[in-house]
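To start, the structure under review is shown below, and the notes come after it.
The values are calculated or read from the model by the stated rules, or taken from the named source; none is laboratory data. Just so it is clear, the model here is predicted, and its values are computed rather than measured. Positions of Cβ are generated from backbone atoms using ideal geometry, with glycine treated the same way; all protein chains shown enter the neighbour counts.
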There are 2 protein chains.
Amino acid sequence: MTIREYLAEQTKLIDAELDRLMPPEDRPPATIHRAMRYSLFAGGKRIRPFLCLESGRVIADGTPGLAAAACSLEMVHTYSLIHDDLPALDNDDLRRGRPTSHKVFGEAMAILAGDGLLTHAFQVLGQLNGVAVDRRARLVEELAVAAGSVGGMIGGQVNDLEGENQPPTPELLESIHRAKTGALLRVSVRMGAILAGANDEELDALSRYGEHIGLAFQIVDDILDVEESSATLGKTAGKDAAQHKITFPAVYGLEVSHRMAEQERERAHAALERFGARAKWLRELADLIVHRKA
Amino acid sequence: MTIREYLAEQTKLIDAELDRLMPPEDRPPATIHRAMRYSLFAGGKRIRPFLCLESGRVIADGTPGLAAAACSLEMVHTYSLIHDDLPALDNDDLRRGRPTSHKVFGEAMAILAGDGLLTHAFQVLGQLNGVAVDRRARLVEELAVAAGSVGGMIGGQVNDLEGENQPPTPELLESIHRAKTGALLRVSVRMGAILAGANDEELDALSRYGEHIGLAFQIVDDILDVEESSATLGKTAGKDAAQHKITFPAVYGLEVSHRMAEQERERAHAALERFGARAKWLRELADLIVHRKA
């Protein structure tokens, strides 16, 4: 089975679990539940839930609650996309090839749908069935820190906003991406490992893997924004430059950016060494992230 | 000591704990931490944390983590105010006598500051020191449900938005307020009780108290919006009518609304009967809520 086939299979499993965990589309007030599901089921690649599942599987088989925990990450990721796309932030009309939430449901509902997804993610973690309660509280803490304002996703978003039109230094670039996309990818790996009972060394190794693929993911995202068309990406291409966003190609040029992504891929592999064959899919995911075209 | 004096004393304690729990104003990215603190320390009456503290004290003395849990409620309340005030929602320029977050920090930062406060509330609960982990996970679940889209605060906000210009029926009115303000007030009481180890009967009784003061609070809020000036309220008066919001005075008239608030006050007292003298301050708070002028 290729990694693409395996990802497609896992995506079905994740989507079924998301469907189970989300309020039905007709549950009152129906508008917001339609809006929450519209963005959640918009063809996302489910990288974060996949990381959580695979990281848990590297440590142990059959961990209860793993799929639900994985889904909480996709809820947080989706909320961040809805809010990022708002007119006051990136003002994007297109996401994954479809109109963004506020274009379909209006700004007020898009704000509330994002709020609802963030809140629901924590509800899912608070309610995890069959999971020792100490692990539940730990997951809540990990996710909140990674999504938060101090070194987490929201903090990265603020840095990104304030970084527009600032001199694009390597330090600024790294601090933005470590927080904005890196923290959530890293915690995806960590949550799976924690839930499956990883010891400290295992958790450290998997966290390092998460950091390297996080950086690789962002570098490649920035490269694709320059090299690919909107049709391929399913979102507006060339927006980074138009918005004077600080990106890896802007700081290092395209050639060096490509080399950096490759280096992060190799470091991700190295971090997985101790896990042998169990980490097969995590390794192949690192390769896919760096070699993808969209 | 009068209830007003006691509230002022407890507000100091709550504010000190909030200050301890929040990232400092100069913690990078500083803008968002300034924005989060700007709204959090804006002269709020701290009713929700007070309810949590007092409800816990009715059950037991010296419950660890009670003050931090109380503060998580104020973070969620404040996030909801920031987002409600946004141009896309209520479009309010004034809150507690000061310019609203988006007037001071801009819309993008106000959206992110709200997101940050909501996220931080769950971080605080995930990290509660000295609290049995099963209670931590339970509090996360309770807060997420009360703040969420199904019968919780976000759901009420959606109903409120969609209720504008709809026929103002008693059923619509009750469903909006039970969710929009009621759920968070009720869970404030519940979280304190759960943390302090309340049994099922005690938790039920306190929940009923929470429901009745929640309804009383909203009825009086609607009455004040009609009867008082913006200067007294510290927010724009008469906005409900201008926005065709569905309110208790609009549905029942002012006289019946006053009588309903009084009835809820009496029911709140009745729910506290079993707790005797320990519930003194909860009783007096019910009286204050109904007899306040702002």
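Need the failing condition index for A:Gln166 against (1) part of a helix (DSSP H, G or I); (2) of a type in the set (S, T, N, Q); (3) surrounded by fewer than 17 Cβ atoms within 10 Å (Cβ to Cβ), just the number.
The single condition A:Gln166 does not satisfy is (1).
Out of A:Gly155, A:Gly151, report the one residue that is under 16 Å from the mean Cα position of the chain (by Cα), assigned to a helix (DSSP H, G or I) and more than 18 Å from A:Ala69 (Cα to Cα).
A:Gly155
For the list (1) more than 7 Å from every other protein chain (Cβ to nearest Cβ); (2) part of a helix (DSSP H, G or I), I need the number of the one condition that A:Arg136 fails.
Only one criterion is unmet by A:Arg136, namely (1).
Within the stretch B:241-294, how many residues turn out to be surrounded by 15 or more Cβ atoms within 10 Å (Cβ to Cβ), among the basic types (Lys, Arg) and in contact (Cβ under 8 Å) with a residue 24 or more places away in the chain?
Final tally of qualifying residues: 4.
Please list, ordered by first then second residue, the pairs with beta carbon atoms under 6 Å, 6 or more apart or interchain, first in the stretch B:62-79 and crowded, with 24+ Cβ neighbours inside 10 Å, second polar (S, T, N, Q).
B:Leu73/B:Ser188; B:Thr78/B:Ser39
Is it the case, given these coordinates, that A:Ile223 is within 14 Å of chain B (Cβ to nearest Cβ) and hydrophobic (A, V, I, L, M, F, W, C)?
On the way: within 14 Å of chain B (Cβ to nearest Cβ): no; hydrophobic (A, V, I, L, M, F, W, C): yes.
Taking the combined requirement at face value, the residue does not satisfy it.
From the list A:Asp134, A:Asp115, which one is farther than 16 Å from A:Leu185 by Cα, in contact with a His (Cβ under 8 Å, 6 or more places away or on another chain) and not hydrophobic (A, V, I, L, M, F, W, C)?
A:Asp115
When only residues in the stretch B:9-54 that are within 14 Å of chain A (Cβ to nearest Cβ) and of a type in the set (Asp, Glu) count, which is surrounded by the most Cβ atoms within 10 Å (Cβ to Cβ)?
Looking at the filtered set, the residue picked out is B:Glu25.
Quick grid of which residues meet (1) part of a helix (DSSP H, G or I); (2) under 28 Å from A:Gln127 (Cβ atoms); (3) modelled with pLDDT of 95 or more; (4) among the acidic types (Asp, Glu):
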site	(1), (2), (3), (4)
B:Pro28	no, no, no, no
B:His33	yes, no, yes, no
B:Leu53	yes, yes, yes, no
B:His77	yes, yes, yes, no
B:Leu81	yes, yes, yes, no
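Of the residues B:Gly192, B:Gly182, which single one is part of a helix (DSSP H, G or I), of a type in the set (Gly, Ala, Ser) and within 30 Å of B:Gly253 (Cβ to Cβ)? First the steps, then the outcome.
Numbers: B:Gly192 fails: within 30 Å of B:Gly253 (Cβ to Cβ).
Exactly one residue qualifies, and that residue is B:Gly182.
Given (1) within 14 Å of the chain's Cα centre (by Cα); (2) away from every other protein chain (no Cβ under 11 Å); (3) within 27 Å of A:Ala132 (Cβ to Cβ); (4) hydroxyl-bearing (Ser, Thr, Tyr), where does B:Ser72 come up short, assuming only one miss?
(2)
Is one or more of the residues making up the stretch A:158-180 closer than 23 Å to A:Leu21 by Cβ and within 14 Å of chain B (Cβ to nearest Cβ)?
No: the stretch A:158-180 contains no residue that is closer than 23 Å to A:Leu21 by Cβ and within 14 Å of chain B (Cβ to nearest Cβ).
Across the stretch A:86-106, what is the number of residues that are within 11 Å of chain B (Cβ to nearest Cβ), assigned to a helix (DSSP H, G or I) and farther than 18 Å from A:Met22 by Cβ?
Adding up the residues that qualify gives 1.
Before we move on, is B:Ser257 under 22 Å from B:Gly152 (Cα atoms) and among the polar types (S, T, N, Q)? First the steps, then the outcome.
Numbers: under 22 Å from B:Gly152 (Cα atoms): no; among the polar types (S, T, N, Q): yes.
It is false that B:Ser257 is under 22 Å from B:Gly152 (Cα atoms) and among the polar types (S, T, N, Q).
What are the residues in the stretch A:271-292 that are over 18 Å from the mean Cα position of the chain (by Cα), under 21 Å from A:Thr181 (Cβ atoms) and assigned to a helix (DSSP H, G or I), if any?
Within the stretch A:271-292, just A:Ala271 meets the criteria.
Among B:Val145, B:Val187, B:Val133, which is at pLDDT 90 or above and closer than 19 Å to B:Ala198 by Cα?
On the way: B:Val145 fails: closer than 19 Å to B:Ala198 by Cα; B:Val133 fails: at pLDDT 90 or above.
Criteria check complete, one pass: B:Val187.
What number of residues within the stretch A:36-50 satisfy the criterion of being without any contact (Cβ under 8 Å) to a residue 40 or more places away in the chain and under 10 Å from the mean Cα position of the chain (by Cα)?
The number of residues fulfilling the criteria is 2.
Among the residues of the stretch A:245-294, which ones are among the aromatic types (Phe, Trp, Tyr) and closer than 25 Å to A:Ser175 by Cβ?
Within the stretch A:245-294, A:Phe248, A:Tyr252 meet the criteria.
Results for (1) in a helix (DSSP H, G or I); (2) more than 9 Å from every other protein chain (Cβ to nearest Cβ); (3) touching a residue at least 12 places away in the same chain (Cβ under 8 Å); (4) under 18 Å from the mean Cα position of the chain (by Cα), shown as yes or no for each residue.
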{"site": "B:Ala110", "(1), (2), (3), (4)": "yes, no, yes, no"}
{"site": "B:Gly114", "(1), (2), (3), (4)": "yes, no, yes, yes"}
{"site": "B:Val124", "(1), (2), (3), (4)": "yes, no, yes, yes"}
{"site": "B:Leu128", "(1), (2), (3), (4)": "no, no, yes, no"}
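Can you find a residue in the stretch B:199-215 that is under 19 Å from B:Glu74 (Cα atoms) and either modelled with pLDDT under 90 or surrounded by fewer than 22 Cβ atoms within 10 Å (Cβ to Cβ) (or both)?
Yes: one or more hits.
Out of the stretch A:104-130, which residues are surrounded by 24 or more Cβ atoms within 10 Å (Cβ to Cβ) and among the aromatic types (Phe, Trp, Tyr)?
A:Phe122
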